[in-house]
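Engineer: Below: one structure in structure tokens.
Bear in mind these aren't lab numbers, they're just calculated from the coordinates by the rules spelled out. Everything numeric here is computed off the predicted structure, so don't read it as measured data. With ideal geometry, Cβ positions are generated from the backbone for all residues, glycine too; neighbour counts draw on all protein chains shown.
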Amino acid sequence: MAQNIYDHPEFFEEFMHLPSQTKGLNGAPEWPSFRSLLPSCLENAMILDLGCGAGWTCRWAASQGAAKILGIDISYKMLKRARDFPQDTRITYQQADLEVVELARDTFDIALSSLALHYVKDLPRIMQQVFASLVEGGTFVFSIEHPIYTAPSNPDWNKKEDAQPLDDYLHDGARTTNWLHDGVIKYHHTFATLINLLHATGFVLEQVAEWGPSAEEVYTSKELANRRNRPRFLLMKAVKPQIM
Ligand SMILES: C[S@@+](CC[C@H](N)C(=O)[O-])C[C@H]1O[C@@H](n2cnc3c(N)ncnc32)[C@H](O)[C@@H]1O
């Protein structure tokens, strides 16, 4: 059973104050990179959103002409927030745990997941589920906290002069962090694990992006300046090949 930290009242309250929640996709600095990995046309597409949270990407997909969007999240509170927005009959929200969810097979043209998969322990299982749920030629785009950020036991900036920049990288597995609240469990996967996993599942990896702020963004936001030195997010685009 997954932790479901987003239903913790204090964590939820803190999370709701982040720019990605107050401003939506415009407050998510990596969104332009994420968007660029998605197919340019979503007209009539069947979309799956894993860890959809308050449904920002679901509503965006609807605005792009998608036929149906299924947003899955474990958190009752996040889904309630999503349902508080004006409803669109094309969007369905489902409360489910990505560790155990059974997805419909050969159904979706695009599966996407924004910053949710680092909460999932059994990544091979959910990758297999996503692969089976896609139609041939379907696209899987996900963002995840970058492995160099999920690796250390303490992901905060270490300002000590003799500090190791990165520890514990090669050990995949759980990390307990104090992000927004004490005791938040995230799962670290090395870059090699992610790539090999996609490959072993049958996906063809098409593109990878490591998000960091542009010089212009750093100029306009002091808060982003300390993100310049290492990528905060890893984004991947993979495709389920067509069988001839
Ligand atoms: C950082 S939020 C991202 C939300 C949304 N994708 C976005 O970009 O705004 C991570 C989301 O993943 C969900 N999540 C975490 N673990 C999950 C699990 N095991 N099953 C389903 N959803 C999960 C959380 O409830 C939360 O809504």
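Engineer: What is the percent of Cα-Cα separations in the range 183-223 that go past 12 Å? It would help to have the intermediate numbers written out before the result.
Structural biologist: On the way: 602 of 820 pairs.
Roughly 73 percent, rounded to a whole number.
Engineer: Can you list the residues of the range 163-195 with backbone N under 11 Å from a point 7 Å past the Cα of residue 208, pointing along Cα to Cβ?
Structural biologist: Residues passing the 11 Å test: 190-195.
Engineer: Per DSSP helix of 4 or more residues, -39500 (n - 2.57); summed, then divided by the residues of the chain. What does that give at 222 nm, rounded to the nearest 500? Working shown, then result.
Structural biologist: Details: 10 runs with 72 residues, N = 244.
Mean residue ellipticity at 222 nm (helix-derived): -7500 deg cm²/dmol.
Engineer: To continue, here is another question. Around residue 66, what is the net charge, scoring Lys/Arg as +1 and Asp/Glu as -1 over all other residues with Cβ under 12 Å from its Cβ?
Structural biologist: Once all neighbours under 12 Å are counted, the net charge is -1.
Engineer: Taking 0.36 nm per intervening residue step and subtracting the Cα-Cα distance, what contour gain separates residue 195 from residue 178 on full extension?
Structural biologist: Working: separation 17, 0.36 × 17 = 6.12 nm, distance 2.76 nm.
Extra length from residue 195 to residue 178 when fully extended: 3.4 nm.
Engineer: Also: How long is the chain along each principal axis, judged by its Cα atoms, biggest number first, in Å?
Structural biologist: Largest first, the chain extends 54, 41, 40 Å along its Cα principal axes.
Engineer: What pairs in 121/237; 77/237; 23/240 have C-alpha atoms more than 25 Å from each other?
Structural biologist: Values: 121/237 20 Å; 77/237 29 Å; 23/240 33 Å.
Pairs exceeding the cut-off: 77/237; 23/240.
Engineer: Mind checking which aspartates and glutamates have their C-alpha under 18 Å from residue 80, skipping anything on the same chain fewer than 8 residues away?
Structural biologist: Excluding near neighbours in sequence, the set is 7, 10, 13, 14, 49, 88, 97.
Engineer: For residue 45, what is the net charge nearby, where nearby means another residue's Cβ is under 11 Å from its Cβ and Lys, Arg count +1, Asp, Glu -1? Walk me through the numbers before you get to the answer.
Structural biologist: Values: positive: 68, 90; negative: 43, 109.
After counting each charged neighbour, the total is 0.
Engineer: From the backbone phi of the range 85-96, what are the Karplus-calculated ³J(HN,Hα) couplings (6.51 cos²θ - 1.76 cosθ + 1.60, θ = phi - 60°) in whole Hz, Gly and Pro given as x?
Structural biologist: Residue by residue, the range 85-96 yields 6, x, 6, 10, 5, 7, 9, 10, 10, 10, 8, 7 Hz.
Engineer: Rank these for me by crowding, 10, 99, going from fewest to most other beta carbons within 10 Å.
Structural biologist: On the way: 10 11, 99 15.
Placing the least packed residue first, the sequence is 10, 99.
Engineer: Pop the C-beta distance of residue 104 and residue 16 into the FRET formula with R0 = 45 Å and round what comes out to the nearest 0.05.
Structural biologist: Working: r = 31 Å, r/R0 = 0.69.
Here the calculated transfer efficiency is 0.90.
Engineer: For residue 80 and residue 217, compute 0.36 nm times the residue count separating them, minus their Cα-Cα distance, and round to one decimal in nm. Don't skip to the end; give the middle numbers.
Structural biologist: Details: separation 137, 0.36 × 137 = 49.32 nm, distance 3.24 nm.
Length difference between fully extended and current span is 46.1 nm.
Engineer: Ratio of Rg to Rh for the range 1-87, alpha carbon only, Kirkwood? Intermediate results must be reported in sequence, preceding the final value.
Structural biologist: On the way: Rg = 13.4 Å, Rh = 13.8 Å.
We get a ratio of 0.98 for the range 1-87.
Engineer: A follow-up question, please. What is the local net charge at residue 141, summed over the other residues whose Cβ is closer than 10 Å to its Cβ (Lys, Arg +1; Asp, Glu -1)? Present the calculation step by step, with values, prior to reporting the outcome.
Structural biologist: On the way: positive: 35, 237; negative: 206.
Here the charged neighbours net out to +1.
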